[in-house]
Amino acid sequence: MLNYNIAERHLPKQHHRLMFLSIVVTLSWISSFNTVKTIYSLTSVDTTTTVTVSNSGPVFSVDPGEDSASTGSAPTNVDSNVTFKANATDVNGDQFYLAICRTNSITANNNAAPTCATNQTLCVSSAVNSAAQASCNYRALTGDTETVAWYGFACDHSSGSACTSASQGSSDSGSPFNVNHNPTFTSIAPGSAVDPGQDMDFDAVAQDDDVDTVQDTVHLIVCSSAGASTSGCTNPANQLCASSNVTSDPSCSYSTPGVFAAGNHNYYPYIFDQHGLGATTNPRNGTYSINNKTPSLSNLTLNSGNPINLTVSTTTSVVFTFTASDVNGYGTISSYFGKLYRTAVGVGAADNANEHYTLASCNISNQSGATADYSCSFNVQYHADPTDVANTQYYSDTWTATASVTDSGSLNASSSATPVELNSLLGIGIDSDIDFGNLAQGTDTGAVNELTQVSAQGNTGLNSYVQGIDMSDGLGHTIAKAYQKYSDAAFTYSSGGTVLTGSDVFLDLRVVKTTTTATPAYKSVYWGIAIPTGIPAGNYTGLNTLTGEVSSESYW
Amino acid sequence: MKKIFTLLITVALLGSVSLAVGTNSIGVSPSTVSVENIKPGLSVNREIVISRNNTEQMEVFVATTDNSEASSWLSFVSSNEVVMAKDQNRASLFVKITVPLDASFMRYTPTLRIVQKKDLSSTGVSIQAGVIITMDILVTDRDVVKLEVLSAKIDDFEEGQDLKLLLTMKNDGNVATAPSRVMLVVKNAAGKEISTLESKEVDTVEPLSTKEVTVVFSGHNLLKGDYLADLEVYDTNGDDIFSYNMSFRVTEALIITPDQLITKFYKQALFYWPLIVIGVVLIIVSIIKLSKRSDKTTV
């Protein structure tokens with residue numbers, strides 16, 4: 001025994017006292033150990049002793065968890081991955097695996113990845129260094145239940161691999177994870193055919209069986225071409241309609257365009273649940289129908305609403321304009337025709353240049369949407385029946401034009417312009433000048449007359465007035481007009497004819513109204529002349545005037 | 001023989017072939033100009049279309065009045081001669097009818113005579129054609145209201161703009177008048193009624209004249225699209241004098257791009273004046289500061 005008086009004065013500080021005490025104890029222990037050792041060596045024989053230091057398993061430094069957290073409100077869609085992550089340290093510095101199992105059972109495998117119980121593996125990471133983050137993914141399956149419990153293990157990669165005990169993480173990222181299953185899209189049916197501009201309904205039979213947290217809802221998206229996500233059609237312009245979220249059987253209504261082609265139109269419906277997961281049957285497809293509608297006519301105008309003035313001896317272009325509309329699109333108008341006619345004759349009458357015309361063709365412009373403008377012209381003959389004044393055959397009548405259009409569905413529309421008057425055209429035609437030939441002084445034409453044909457080149461009957469001037473040789477010599485005679489019938493100069501004067505004298509020709517274009521009605525004026533004596537020979541010329549006047553309608 | 005030959009008078013063209021010039025035609029439409037219900041003191045213009053068949057050369061047509069009682073009422077708006085150029089087969093003659101204040105209330109029928117002006121040529125006896133037009137004028141002291149709509153039209157317009165209905169109206173009466181009401185029932189392309197527009201503000205049409213008036217409908221709120229419309233025009237008695245099916249198109253309003261807007265803004269004087277003022281202020285402030293600095297340096 002070491003007996004030592006520890007005087008306060010020698011070791012005034014506490015730690016000095018402790019140091020001293022430790023030295024004393026140590027020396028005592030060494031002394032006793034050596035003594036025991038000596039005794040032991042004197043009483044035993046030599047043997048070999050071995051010790052195996054066993055491997056230590058890794059330890060989670062960060063518990064396993066889902067990244068991101070798969071929860072009831074934010075589940076993992078079928079066919080999407082649940083990612084698990086964890087950090088672990090291994091005192092031996094070994095790499096480790098992260099294993100996620102459906103059950104609390106793991107088998108460490110030396111120098112290999114661990115294994116969960118049979119068919120219970122969710123995922124096993126590759127080996128990562130101690131303290132590093134290991135991760136693995138599990139692809140959610142249709143067959144998974146809505147909630148899947150999991151157990152995480154860290155197992156080292158060593159010859160004596162060991163695993164941690166199970167960890168289920170904590171909070172939202174901990175076990176279990178949640179699986180969102182595809183909604184079921186059984187069928188869809190469009191409404192019956194509608195008119196352009198009306199609503200087309202799409203009614204789907206669809207549901208979602210997931211009830212975790214809340215009953216999942218579904219919504220319907222209908223596109224005009226394939227391609228959509230939960231938020232809508234890939235091309236927003238193709239979206240026909242979208243429903244709200246409902247627990248089952250969503251429907252939506254498509255407001256069809258005001259101008260829309262008739263017939264069947266493709267549609268591609270999609271069902272998505274509230275988590276954005278689509279039905280496996282997306283998209284279904286089908287057709288909906290738009291009715292063919294009857295076209296319509298408007299803005300029908302004949303000759304701008306003005307009376308028609310014809311042109312002597314020929315045709316006059318009479319303009320007829322209208323607008324054709326079809327809510328199935330102007331392009332569906334496949335044919336058209338136009339008729340111009342005296343109203344009393346009717347649109348259905350046969351063509352006749354006096355009263356009824358059929359359109360040859362029109363210029364079509366401003367084709368857009370539902371409408372197209374038609375500008376057409378009728379070539380109306382000069383003898384078309386007038387309707388303007390009392391002294392005409394059809395004074396109480398008018399002229400109108402009717403247009404008719406037919407669409408590709410054989411529906412047609414027909415309408416007429418506001419009637420207008422067709423003015424009387426007083427037209428007189430004279431076929432030739434007068435050639436009396438060579439005559440001697442003191443002679444006359446006798447019974448031989450020169451003829452002038454006076455024809456009705458308008459749409460009235462006509463009479464005429466006659467006057468003339470003296471003939472002259474240009475050298476101051478004249479043959480007085482009174483030497484000329486005329487008549488509406490052949491005459492002998494000496495006994496017949498009317499003496500030509502310098503003012504209008506009525507000649508009751510009564511040329512009837514022309515009714516056939518190629519053969520205008522006409523009457524002949526017969527001329528004769530006498531050559532006075534005492535005038536020099538020469539070339540005498542003159543100028544007579546035939547003035548037409550509308551004859552009484554009874555003579556037409 | 002020589003004597004006989006000398007006495008022969010040739011009254012035809014030396015070449016008689018040239019006599020055959022084909023039918024020479026002249027026409028006028030209308031053949032009767034009717035002016036009903038004109039009051040003394042009023043005047044009216046009427047158009048007569050002269051036409052011809054031979055357009056190979058320029059030709060002049062001369063109009064003259066007769067010597068009847070009312071012939072002095074007739075005058076020609078520009079000239080009594082109508083020149084028709086080569087290749088032209090129609091031209092208009094405008095006649096003004098002015099009824100004197102002392103005219104009796106009865107029917108007058110003066111005539112116009114229009115003749116093609118044909119020169120004496122080397123022909124034997126040329127024949128020129130003419131026509132006589134009756135002017136049928138009924139002078140009355142009674143007020144006659146006779147309004148007619150000849151045509152109606154709505155031009156396409158941009159979204160947000162006024163709807164303008166163009167009416168061509170003819171007043172064949174002898175007092176100025178206007179429709180009492182114009183109603184437009186607007187429908188969509190499918191024929192579904194959208195709105196009814198109505199206006200009682202329609203310009204007056206003077207007696208015996210034709211006028212195009214514009215009826216403006218504001219605040220219709222029609223969006224881009226094709227429209228149909230049923231037009232009804234009512235006279236002063238409230239009678240429907242014109243019914244018409246119309247269509248028109250409202251087009252998309254032109255959008256001004258930001259660049260255009262900026263350019264437009266820059267073009268405004270309002271943009272420059274503030275800049276000039278700010279610039280002047282900055283210059284003054286700079287001068288003051290500089291002068292203060294130089295003062296400090298001096299000290």
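Mind counting the residues in segment B:275-291 that are surrounded by 10 or more Cβ atoms within 10 Å (Cβ to Cβ) and modelled with pLDDT under 75?
Final tally of qualifying residues: 1.
Just the residues that are part of a loop (DSSP other than H, G, I, E, B) and facing chain B (nearest Cβ under 9 Å), please, taken from segment A:516-532.
Just the residues of segment A:516-532 that are part of a loop (DSSP other than H, G, I, E, B), to begin with: A:516-521, A:531-532.
Listed by number, the residues that qualify are A:Pro520, A:Ile531.
Sort out which residues of segment A:435-471 are of a type outside the set (Asp, Glu), within 7 Å of chain B (Cβ to nearest Cβ), outside any strand (DSSP E or B) and farther than 30 Å from A:Leu310 by Cα, and write them in order of number.
A:Phe436, A:Gly437, A:Gln441
Do we have A:Ser255 as over 30 Å from B:Glu47 (Cα atoms) and more than 14 Å from chain B (Cβ to nearest Cβ) here?
Details: over 30 Å from B:Glu47 (Cα atoms): yes; more than 14 Å from chain B (Cβ to nearest Cβ): no.
No, not satisfied.
Are any residues in segment B:112-137 in contact with a Ser or Thr (Cβ under 8 Å, 6 or more places away or on another chain) and surrounded by fewer than 22 Cβ atoms within 10 Å (Cβ to Cβ), and if so, which ones?
B:Arg113, B:Val115, B:Lys118, B:Leu120, B:Ser121, B:Ser122, B:Gln128, B:Thr134, B:Asp136
From the list A:Asp216, A:Asp195, A:Asp209, which one is touching a residue at least 24 places away in the same chain (Cβ under 8 Å), buried (at least 17 other Cβ atoms within 10 Å of the Cβ) and touching an Asp or Glu at 6+ places or on another chain (Cβ under 9 Å)?
On the way: A:Asp195 fails: touching an Asp or Glu at 6+ places or on another chain (Cβ under 9 Å); A:Asp209 fails: buried (at least 17 other Cβ atoms within 10 Å of the Cβ).
Within the list A:Asp216, A:Asp195, A:Asp209, the selection yields A:Asp216.
How many residues does segment A:298-313 hold that are of a type outside the set (Gly, Ala, Ser) and either more than 7 Å from chain B (Cβ to nearest Cβ) or without any contact (Cβ under 8 Å) to a residue 60 or more places away in the chain (or both)? Quick ask: steps written out before the conclusion?
Here is the first cut: in segment A:298-313, the ones of a type outside the set (Gly, Ala, Ser) are A:299-303, A:306-312.
Those still in the list that are either more than 7 Å from chain B (Cβ to nearest Cβ) or without any contact (Cβ under 8 Å) to a residue 60 or more places away in the chain (or both) too: A:300, A:302-303, A:307-308.
Number of matching residues: 5.
Can you tell me which residue is nearest to B:Gly124 (Cα to Cα) among those in segment A:534-556 that are in a loop (DSSP other than H, G, I, E, B) and more than 9 Å from chain B (Cβ to nearest Cβ)?
Let us first name the residues in segment A:534-556 that are in a loop (DSSP other than H, G, I, E, B), namely A:534-538, A:540, A:551-552, A:556.
This time we only want the ones that are more than 9 Å from chain B (Cβ to nearest Cβ), so: A:534, A:551-552, A:556.
On the way: A:Gly534: 20, A:Ser551: 29, A:Ser552: 33, A:Trp556: 33 Å.
Filtering first and then ranking leaves A:Gly534.
Sort through B:Ser29, B:Ser68, B:Ser75 and tell me the only one that's under 30 Å from B:Arg142 (Cα atoms), within 14 Å of another protein chain (Cβ to nearest Cβ) and free of Cβ contacts under 8 Å to residues at least 40 places away in the same chain. Let's see the steps before the verdict.
Values: B:Ser68 fails: free of Cβ contacts under 8 Å to residues at least 40 places away in the same chain; B:Ser75 fails: within 14 Å of another protein chain (Cβ to nearest Cβ).
Just a single option satisfies the conditions, and that option is B:Ser29.
B:Lys164 fails exactly one of the following numbered conditions: (1) away from chain A (no Cβ under 14 Å); (2) more than 20 Å from the chain's Cα centre (by Cα). What is the number of that condition?
Only one criterion is unmet by B:Lys164, namely (2).
Can you tell me which condition A:Thr492 does not meet? The list is (1) outside any strand (DSSP E or B); (2) buried (at least 18 other Cβ atoms within 10 Å of the Cβ), and all the others hold.
All conditions pass for A:Thr492, except number (2).
Can you tell which of B:Ser126, B:Ser75, B:Ser92, B:Ser68 is within 18 Å of A:Gly427 (Cα to Cα) and among the hydroxyl-bearing types (Ser, Thr, Tyr)?
Numbers: B:Ser126 fails: within 18 Å of A:Gly427 (Cα to Cα); B:Ser75 fails: within 18 Å of A:Gly427 (Cα to Cα); B:Ser68 fails: within 18 Å of A:Gly427 (Cα to Cα).
Exactly one residue qualifies, and that residue is B:Ser92.
Based on what the data block shows, is A:Tyr288 more than 18 Å from A:Gln381 (Cα to Cα), of a type in the set (Phe, Trp, Tyr) and either assigned by TED's automatic domain parsing to the domain that holds A:Gly409 or crowded, with 18+ Cβ neighbours inside 10 Å (or both)? Please lay out each step first, then the result.
Values: more than 18 Å from A:Gln381 (Cα to Cα): yes; of a type in the set (Phe, Trp, Tyr): yes; either assigned by TED's automatic domain parsing to the domain that holds A:Gly409 or crowded, with 18+ Cβ neighbours inside 10 Å (or both): yes.
Answer is yes for this residue.
Being buried (at least 18 other Cβ atoms within 10 Å of the Cβ) and either more than 14 Å from every other protein chain (Cβ to nearest Cβ) or at pLDDT 95 or above (or both) is true for just one of B:Val145, B:Val99. Which residue is that?
Numbers: B:Val145 fails: buried (at least 18 other Cβ atoms within 10 Å of the Cβ).
Only one candidate passes the filter, namely B:Val99.
So in segment A:314-348, with the set limited to residues that are within 30 Å of A:Ala456 (Cα to Cα) and facing another protein chain (nearest Cβ under 9 Å), which one is surrounded by the most Cβ atoms within 10 Å (Cβ to Cβ)?
Just the residues of segment A:314-348 that are within 30 Å of A:Ala456 (Cα to Cα), to begin with: A:314-320, A:338-348.
With facing another protein chain (nearest Cβ under 9 Å) added as a condition, the list becomes A:314, A:316.
On the way: A:Thr314: 20, A:Thr316: 23.
Ranking the candidates gives A:Thr316 first.
Looking only at segment A:381-434, filter to residues that are within 12 Å of chain B (Cβ to nearest Cβ) and of a type in the set (Val, Ile, Thr); which one of those is surrounded by the most Cβ atoms within 10 Å (Cβ to Cβ)?
Here the residue is A:Ile428.
Quick check on B:Val60: is it surrounded by fewer than 17 Cβ atoms within 10 Å (Cβ to Cβ), modelled with pLDDT of 85 or more, under 30 Å from A:His477 (Cβ atoms) and not acidic (Asp, Glu)?
Yes, satisfied.
For A:Lys513, which of the numbered conditions (1) at the interface with chain B (Cβ under 8 Å from one of its Cβ atoms); (2) among the charged types (D, E, K, R); (3) not in a strand (DSSP E or B) fails to hold?
(1)
Test A:Asp195 against the criterion of being within 14 Å of another protein chain (Cβ to nearest Cβ) and in contact with a Phe, Trp or Tyr (Cβ under 8 Å, 6 or more places away or on another chain), and give yes or no. Don't jump to the end; show me each part of the working.
Values: within 14 Å of another protein chain (Cβ to nearest Cβ): yes; in contact with a Phe, Trp or Tyr (Cβ under 8 Å, 6 or more places away or on another chain): no.
Here the answer is no, as A:Asp195 does not meet what is asked.
Quick check: is even one residue across segment A:156-179 assigned to a strand (DSSP E or B), over 30 Å from A:Ala69 (Cβ atoms) and either of a type in the set (D, E, K, R) or assigned by TED's automatic domain parsing to the domain that holds A:Asn264 (or both)? Walk me through it before giving the result.
Within segment A:156-179, the subset assigned to a strand (DSSP E or B) is A:156-157, A:163, A:167, A:177-179.
Filter again for over 30 Å from A:Ala69 (Cβ atoms), leaving none.
Looking through segment A:156-179, none of the residues is assigned to a strand (DSSP E or B), over 30 Å from A:Ala69 (Cβ atoms) and either of a type in the set (D, E, K, R) or assigned by TED's automatic domain parsing to the domain that holds A:Asn264 (or both).
Considering only residues of segment B:149-161 that are part of a strand (DSSP E or B) and touching a residue at least 24 places away in the same chain (Cβ under 8 Å), which is nearest to the other protein chains (Cβ to nearest Cβ)? If you could, list the steps in order and put the result at the bottom.
Quick first cut of segment B:149-161, residues part of a strand (DSSP E or B) only: B:149-154, B:157-158.
Still in the running and touching a residue at least 24 places away in the same chain (Cβ under 8 Å): B:149-150, B:152-154, B:157-158.
Details: B:Val149: 8, B:Leu150: 3, B:Ala152: 8, B:Lys153: 7, B:Ile154: 8, B:Phe157: 13, B:Glu158: 14 Å.
The extreme case among them is B:Leu150.
If you scan segment A:363-380, which residues turn out to be surrounded by fewer than 23 Cβ atoms within 10 Å (Cβ to Cβ) and facing chain B (nearest Cβ under 10 Å)?
A:Asn366, A:Ser368, A:Gly369, A:Asp373
Which numbered condition in (1) at pLDDT 95 or above; (2) in contact with a helix residue (DSSP H, G or I) (Cβ under 7 Å, 6 or more places away or on another chain); (3) of a type in the set (A, V, I, L, M) is the only one that B:Ile48 fails?
With (1) at pLDDT 95 or above; (2) in contact with a helix residue (DSSP H, G or I) (Cβ under 7 Å, 6 or more places away or on another chain); (3) of a type in the set (A, V, I, L, M) applied to B:Ile48, the lone miss is (2).
Taking the residues in segment B:172-200 that are closer than 16 Å to B:Tyr244 by Cβ and not in a strand (DSSP E or B) as candidates, determine which candidate is nearest to the other protein chains (Cβ to nearest Cβ).
Restricting attention to segment B:172-200, the residues satisfying the condition of being closer than 16 Å to B:Tyr244 by Cβ are B:179, B:181-187, B:191, B:196-199.
Subset that is not in a strand (DSSP E or B): B:179, B:191.
Numbers: B:Pro179: 15, B:Gly191: 7 Å.
Ranking the candidates gives B:Gly191 first.
If A:Gly276 satisfies all but one of (1) out of contact with any Phe, Trp or Tyr (no Cβ under 6 Å at 6 or more places or on another chain); (2) assigned to a loop (DSSP other than H, G, I, E, B); (3) crowded, with 18+ Cβ neighbours inside 10 Å, what's the number of the condition it fails?
Result: A:Gly276 passes all but (3).
The values are calculated or read from the model by the stated rules, or taken from the named source; none is laboratory data. All values reported here derive from a predicted model rather than from experimental measurement. Positions of Cβ are generated from backbone atoms using ideal geometry, with glycine treated the same way; all protein chains shown enter the neighbour counts.
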